[in-house]
Amino acid sequence: MNLRYNLRMKSINHSKMEFYYLDVLKIINLLLHSIVLTKCSVENFEIIRGIPIGNAKLYPHGKDFSCLDGTLTIPYSYINDDYCDCIDASDEPGTSACPNGTFYCTNKGHFPLVVPSSRVNDGICDCCDGSDEWANNVQKNACQNTCESHSYEARIEANRVDNLYAQGFKIRAQLITKGKYLLSQKQNKILHLLTKIKQAQLNRSSMFSKKEMAKNKEEKAIEEEKSNQQNKAIKIFNEIDTNKNNKIEVKEVIPYSTFDQNQDGLVSQDEIYYLMENKKELDLKDFVSNGWNRVNLLTFTKSFDKNQHLTKKNVEKEILNQDFNRNFKNETEKYNIEDIEAVKINELLYTEKTKIIIDESKKAQKQFEESDRIVKNLQKQLYELQKSISKNFGPDDEFAALDGQCYELTNDEYIYKLCLFEKITQRPIKGGPEINLGIWKDWTNFINNKPQYHTMLYDRGKYCLNHYQRFAYVHLNCGLKPKLISVSELNRCEYLIEFELPSVCVIQDTKYLKELEREEL
């Protein structure tokens, strides 16, 4: 091998010497070569295996060959000699000598194909014309030319795709008409909602004013009631304070019959404790803030007969069901002042006039809350509509009719649900919580800052174990009706969804269905 390499290097150096001393005859030969290049191209292509006909001029017959990367010039005989001389593998297009080389399959009558040079003469027919197995074909006719049958199948597939796009394009036109109509309906609804919101806001403003007026009136009435109650409390305090020392003492409570709850003619020790809050004496401040409420409670409960809803027994039961952390000796005979709010004693002790004012205030509050709820509901509808029409539904609104439409796909583990322009979810077949895989973001395949409308991005899904949010790409393909085809996980918590629909059946997209290239040799 080293000997061959040395010989090659000597030959290469000799070739370089010749190149530097080109004479007039050399130049004339080059000119003549350019004149007959077209004629030679076909001949050279037949001799040099593994190159397209367009590259034949780069391999002039019988002339020293310069590697296509310009790094080396070698004798013509070194081309396809099963030894890799050029770094870019351009000297061995028809053998497997260079690991980075490629072999060009002419495939006359079908599509040309480029395969890695490692597949040349490996016993497997990669080219339909069998040209990649030229050595094996010579020895045992290993590969038959199947280009004609492949071409026939390709034409059938091309016709199928053409028909699919033609039918899909008609449906797409219908979707465009429908989409534009739906968008106009939404726009009209927005205008209608704006009017309704304005009216609802005026009504809410009116209800707010009424609520505030009723509330002020209620507060004023309650203040008057408190003032009256305070005056009554002071009066009762003075009645009980028989020794006029500005304090109510236990001995002064005993003769006061109002505190005789069980009506046995005596004010018991427990009844005294109840009023006095286990204190030996109460000053006016304590009595007004707490004692007076207890007096009112006792007075109120005595005024109910047994047929009324809130009897003394019921009040006792209601109070005893609460835990007020009181240590009374006989709890079944006492009322706990802490439960006054539960039985609404203060309200029941209001005058009828005050009760009416309170009821009117509550009614005004409810009316305002209802008017406020109506405004917020209308504003939510407006927001959703404005959000919908602001989405990019394509240059012709071809996707607008599918906004919010949902489609499902079930595999062995999950049920996937794609709601177009909204979100993608996944839920286990055997039960479990639904997982958000992503929310509609935008189109992703942009060229020159313009979307191509073939790939959707749904992001901001549920957080994954690796602490970032799930997201999914939805790749759109031409189909006669919307259909969720497949879901795959590219990486952990990164999804690729294949979806068919007529909106992408654009006739211009069939440009990739090129006419069959035919190499006429």
If I filter region 121-129 for residues that are crowded, with 18+ Cβ neighbours inside 10 Å and touching a residue at least 40 places away in the same chain (Cβ under 8 Å), do I get at least one hit? no
Filtering region 361-403 down to residues that are surrounded by fewer than 12 Cβ atoms within 10 Å (Cβ to Cβ) and either in a loop (DSSP other than H, G, I, E, B) or in contact with an Asp or Glu (Cβ under 6 Å, 6 or more places away or on another chain) (or both) yields Ser390, Pro395
Residue pairs within 7 Å by beta carbon, gap of at least six or interchain, first lying in region 176-202 and in contact (Cβ under 8 Å) with a residue 12 or more places away in the chain, second open to solvent by 80 Å² or more (accessible area, probe 1.4 Å), listed first then second, are Ile190/Gln386
Checked region 146-162 for anything more than 19 Å from Asp129 (Cβ to Cβ) and open to solvent by 80 Å² or more (accessible area, probe 1.4 Å); matches are Ile156, Glu157, Asn159, Arg160
A careful count of residues in region 223-238 that are open to solvent by 60 Å² or more (accessible area, probe 1.4 Å) and out of contact with any Phe, Trp or Tyr (no Cβ under 9 Å at 6 or more places or on another chain) gives 7
Restricting attention to region 81-97, does a residue exist that is without any contact (Cβ under 8 Å) to a residue 24 or more places away in the chain, surrounded by fewer than 21 Cβ atoms within 10 Å (Cβ to Cβ), among the polar types (S, T, N, Q) and on the phi < 0 side of the Ramachandran plot? no
In the set Thr195, Thr177, the lone residue that is hydroxyl-bearing (Ser, Thr, Tyr), open to solvent by 70 Å² or more (accessible area, probe 1.4 Å), under 30 Å from Gly404 (Cβ atoms) and more than 31 Å from the chain's Cα centre (by Cα) is Thr195
Here the qualifying pairs (Cβ atoms under 9 Å; residues six or more apart or on different chains; first in region 56-67 and closer than 17 Å to Asp85 by Cβ; second open to solvent by 60 Å² or more (accessible area, probe 1.4 Å) and among the charged types (D, E, K, R)) come out as Asp64/Glu18
- Query: Can you find even one residue in region 391-401 that is polar (S, T, N, Q), touching a strand residue (DSSP E or B) at 6+ places or on another chain (Cβ under 6 Å) and under 30 Å from Tyr468 (Cα atoms)?
  - Reply: no
Checked pairs for region 470-497, first free of Cβ contacts under 8 Å to residues at least 12 places away in the same chain, second open to solvent by less than 40 Å² (accessible area, probe 1.4 Å), C-beta under 9 Å and 6 or more apart or across chains, list as Ser488/Tyr495; Ser488/Ile497; Glu489/Tyr495
Just one listed residue, out of Ile248, Ile190, is touching a strand residue (DSSP E or B) at 6+ places or on another chain (Cβ under 8 Å) and either surrounded by 12 or more Cβ atoms within 10 Å (Cβ to Cβ) or outside any helix (DSSP H, G or I) (or both), and it is Ile248
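The values are calculated or read from the model by the stated rules, or taken from the named source; none is laboratory data. Computed from a prediction, not measured in an experiment: that's the story for all the values here. As a convention, Cβ positions derive from the backbone with ideal geometry for all residues, glycine included, and neighbour counts pool all protein chains shown. Side chains are part of the model used for accessible areas, which takes the heavy atoms of the whole protein and leaves out ligands, DNA and RNA. Shrake-Rupley method; radii C 1.70, N 1.55, O 1.52, S 1.80 Å.
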